[in-house]
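This report concerns only the one structure given below.
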Amino acid sequence: MKTDELIAIDIHTHAEVSCRNPFDSYGEEYDRAADKYFGSDRRPTIAETVAYYRERKIGLVMFTVDSESQLGRRRIPNEEICDAARENADMMVAFASIDPHKGKMGAREARRLVEECGVKGFKFHPTVQGFLPYDRMAWPLYEVIAEHKLPAIFHSGHSGIGSGMRCGGGLRLQNSNPMLLEDVAIDFPDIQIVIAHPSWPWQDEALSLALHKPNIWIDLSGWSPKYFPPQLVQYANTLLKDRMLFGSDYPLITPERWMKDFDEAGFKDKVKPLILKENAKRLLGLGGTSGA
């Protein structure tokens with residue numbers, strides 16, 4: 001990644017439309033509920049997303065969410081995202097998503113994606129994937145991630161997916177309490193764990209965990225910064241300034257909206273470059289112009 005040519009690195013963007021698999025309408029009610037919750041109807045292809053970020057000189061980390069076991073929806077192929085990252089290596093990094101219910105077969109896939117396809121990290125969504133982060137079912141996947149010393153992003157807090165649906169679509173918010181990551185952080189100190197989003201209603205738990213465990217980071221995606229709790233801004237400006245990361249949750253929130261509100265949300269000028277790019281460079285092991 002040519003980081004010197006980028007104004008920021010968005011650590012949290014979603015692949016929404018596959019150009020390889022046929023459209024899977026199964027479970028589309030979850031998309032409509034999310035659109036209503038976020039006030040968005042964007043469903044760009046991977047290529048459209050990359051072009052959008054390239055035009056704005058913003059680097060991006062992209063992933064899908066493999067929820068085949070819980071939701072029964074066909075996932076976007078991890079390989080499709082990897083190919084896009086390889087073709088746009090100057091400004092894009094691919095993370096993979098593998099349903100933890102796939103056990104050792106999932107671990108085999110993770111190893112192949114890292115060693116053959118260039119995956120640089122992993123994404124988990126305990127609510128949508130229907131698992132508890134400390135469940136030993138996920139250990140085979142974590143072991144591969146730890147062996148390669150890669151980061152892993154975990155959704156935390158409330159989920160716009162399922163919000164407003166009957167019974168919340170059957171999805172359990174309690175799975176995404178960030179404190180459930182403590183056992184993972186202890187047993188896998190070589191995994192840099194990123195807690196995604198302001199973790200409402202567990203923001204203080206996320207901050208406490210990050211203060212206590214040096215392999216815990218927080219990404220600021222999924223909310224406009226003007227709605228951030230004051231304690232999140234306080235710790236981003238002080239004790240956790242080196243482990244806060246810019247993320248938008250695109251396409252549900254655009255980086256333009258996020259960055260505009262970020263400028264007005266009380267972050268110190270000396271901290272803004274850390275959050276927008278420098279912390280992500282360290283997390284991802286990126287250098288300067290040539291990248292890594």
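The values are calculated or read from the model by the stated rules, or taken from the named source; none is laboratory data. Just so we're clear, the structure is a prediction, and the values are computed from it rather than from any experiment. A quick note on method: Cβ atoms are made from the backbone with ideal geometry, for glycine too, and the neighbour counts reach across all protein chains shown.
Would you check if there is a residue in region 142-152 being under 13 Å from Gly222 (Cβ atoms), touching a strand residue (DSSP E or B) at 6+ places or on another chain (Cβ under 8 Å) and not hydrophobic (A, V, I, L, M, F, W, C)?
Start the filter on region 142-152 by keeping residues that are under 13 Å from Gly222 (Cβ atoms), which leaves none.
No: region 142-152 contains no residue that is under 13 Å from Gly222 (Cβ atoms), touching a strand residue (DSSP E or B) at 6+ places or on another chain (Cβ under 8 Å) and not hydrophobic (A, V, I, L, M, F, W, C).
Within region 211-222, is even one residue of a type in the set (Ser, Thr, Tyr), out of contact with any strand residue (DSSP E or B) (no Cβ under 6 Å at 6 or more places or on another chain) and touching a residue at least 12 places away in the same chain (Cβ under 8 Å)?
Step one: of region 211-222, the residues of a type in the set (Ser, Thr, Tyr) are 221.
Applying the additional criterion that residues be out of contact with any strand residue (DSSP E or B) (no Cβ under 6 Å at 6 or more places or on another chain) yields none.
Checked region 211-222: no residue is of a type in the set (Ser, Thr, Tyr), out of contact with any strand residue (DSSP E or B) (no Cβ under 6 Å at 6 or more places or on another chain) and touching a residue at least 12 places away in the same chain (Cβ under 8 Å).
I'm trying to understand the selection: among the residues of region 265-288, which are modelled with pLDDT of 95 or more, over 19 Å from Tyr235 (Cβ atoms) and surrounded by fewer than 20 Cβ atoms within 10 Å (Cβ to Cβ)? Can you show your working first?
So the first thing to find is which residues in region 265-288 are modelled with pLDDT of 95 or more, and the list is 265-285.
In the following step, the residues that additionally are over 19 Å from Tyr235 (Cβ atoms) were identified as 277, 281, 284-285.
Scanning region 265-288 gives Lys281, Gly285.
Specify the residue that is surrounded by the fewest Cβ atoms within 10 Å (Cβ to Cβ); the eligible residues are those in region 1-49 that are among the polar types (S, T, N, Q) and at pLDDT 70 or above.
Just the residues of region 1-49 that are among the polar types (S, T, N, Q), to begin with: 3, 13, 18, 21, 25, 40, 45, 49.
Keeping just the survivors that are at pLDDT 70 or above gives 3, 13, 18, 21, 45, 49.
On the way: Thr3: 22, Thr13: 27, Ser18: 18, Asn21: 12, Thr45: 15, Thr49: 22.
Of everything passing the filter in region 1-49, Asn21 is surrounded by the fewest Cβ atoms within 10 Å (Cβ to Cβ).
Which of (1) modelled with pLDDT of 95 or more; (2) more than 21 Å from Ser176 (Cβ to Cβ); (3) among the aliphatic types (A, V, I, L, M) does Ala138 not meet, given it meets every other one?
(2)
For Gly291, which of the numbered conditions (1) in a loop (DSSP other than H, G, I, E, B); (2) over 25 Å from Gln174 (Cβ atoms); (3) at pLDDT 95 or above fails to hold?
Unmet for Gly291, out of (1) in a loop (DSSP other than H, G, I, E, B); (2) over 25 Å from Gln174 (Cβ atoms); (3) at pLDDT 95 or above: (3).
Within region 59-82, does at least one residue satisfy the condition of being of a type in the set (Lys, Arg) and at pLDDT 95 or above? Don't jump to the end; show me each part of the working.
Just the residues of region 59-82 that are of a type in the set (Lys, Arg), to begin with: 73-75.
Now drop any that are not at pLDDT 95 or above, which leaves none.
So far as region 59-82 goes, no, none of its residues is of a type in the set (Lys, Arg) and at pLDDT 95 or above.
Under the condition of being in a loop (DSSP other than H, G, I, E, B) and more than 13 Å from the chain's Cα centre (by Cα), which residue from region 119-142 is nearest to Glu109 (Cα to Cα)?
Taking region 119-142 and keeping what is in a loop (DSSP other than H, G, I, E, B), we get 119-121, 125, 130-135.
With the extra rule that they be more than 13 Å from the chain's Cα centre (by Cα), the set shrinks to 119, 130-135.
Working: Val119: 11, Gly130: 20, Phe131: 19, Leu132: 21, Pro133: 19, Tyr134: 20, Asp135: 19 Å.
The extreme case among them is Val119.
From the set of residues in region 181-205 that are aliphatic (A, V, I, L, M) and touching a strand residue (DSSP E or B) at 6+ places or on another chain (Cβ under 9 Å), which is surrounded by the fewest Cβ atoms within 10 Å (Cβ to Cβ)? I'd like the intermediate steps shown before the answer.
As a first pass, look at region 181-205 and keep what is aliphatic (A, V, I, L, M): 181, 184-186, 191, 193-196.
Restricting the remaining residues to those that are touching a strand residue (DSSP E or B) at 6+ places or on another chain (Cβ under 9 Å) gives 181, 184-185, 191, 193-196.
Numbers: Leu181: 26, Val184: 24, Ala185: 21, Ile191: 24, Ile193: 26, Val194: 30, Ile195: 27, Ala196: 27.
Of everything passing the filter in region 181-205, Ala185 is surrounded by the fewest Cβ atoms within 10 Å (Cβ to Cβ).
Against the definition (modelled with pLDDT under 95, closer than 30 Å to Asp31 by Cβ and of a type outside the set (Ser, Thr, Tyr)), how does Leu245 come out, yes or no? Break it down stepwise before answering.
On the way: modelled with pLDDT under 95: no; closer than 30 Å to Asp31 by Cβ: yes; of a type outside the set (Ser, Thr, Tyr): yes.
No; evaluated as a whole, the condition is false for this residue.
Have a look at Asp261, Asp249 and point out the one that is in contact with a strand residue (DSSP E or B) (Cβ under 8 Å, 6 or more places away or on another chain) and in contact (Cβ under 8 Å) with a residue 12 or more places away in the chain.
Values: Asp261 fails: in contact with a strand residue (DSSP E or B) (Cβ under 8 Å, 6 or more places away or on another chain).
Going through Asp261, Asp249 in turn, just one is in contact with a strand residue (DSSP E or B) (Cβ under 8 Å, 6 or more places away or on another chain) and in contact (Cβ under 8 Å) with a residue 12 or more places away in the chain: Asp249.
Going residue by residue through region 136-150, is there one that turns out to be among the basic types (Lys, Arg), buried (at least 20 other Cβ atoms within 10 Å of the Cβ) and at negative phi? Please lay out each step first, then the result.
Pass one, region 136-150, residues among the basic types (Lys, Arg): 136, 149.
From what's left, buried (at least 20 other Cβ atoms within 10 Å of the Cβ): none.
So far as region 136-150 goes, no, none of its residues is among the basic types (Lys, Arg), buried (at least 20 other Cβ atoms within 10 Å of the Cβ) and at negative phi.
Results for (1) surrounded by 20 or more Cβ atoms within 10 Å (Cβ to Cβ); (2) over 14 Å from the mean Cα position of the chain (by Cα); (3) assigned to a loop (DSSP other than H, G, I, E, B); (4) in contact (Cβ under 8 Å) with a residue 40 or more places away in the chain, shown as yes or no for each residue.
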{"site": "Ala51", "(1), (2), (3), (4)": "no, yes, no, no"}
{"site": "Arg73", "(1), (2), (3), (4)": "no, yes, yes, yes"}
{"site": "Arg86", "(1), (2), (3), (4)": "no, yes, no, no"}
{"site": "Gly103", "(1), (2), (3), (4)": "no, yes, no, no"}
{"site": "Arg108", "(1), (2), (3), (4)": "no, yes, no, no"}
{"site": "Leu113", "(1), (2), (3), (4)": "yes, yes, no, no"}
{"site": "Phe154", "(1), (2), (3), (4)": "yes, no, no, yes"}
{"site": "Gly157", "(1), (2), (3), (4)": "yes, no, yes, yes"}
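Given Ile153, Ile218, Ile195, which one is over 28 Å from Gly72 (Cα atoms) and at pLDDT 95 or above?
Values: Ile153 fails: over 28 Å from Gly72 (Cα atoms); Ile195 fails: over 28 Å from Gly72 (Cα atoms).
Step by step, each of Ile153, Ile218, Ile195 is checked, and only Ile218 is over 28 Å from Gly72 (Cα atoms) and at pLDDT 95 or above.
Conditions: (1) surrounded by fewer than 18 Cβ atoms within 10 Å (Cβ to Cβ); (2) in contact with an Asp or Glu (Cβ under 6 Å, 6 or more places away or on another chain); (3) part of a loop (DSSP other than H, G, I, E, B). Asp90 meets all but one. Number of the miss?
Failing condition for Asp90: (2).
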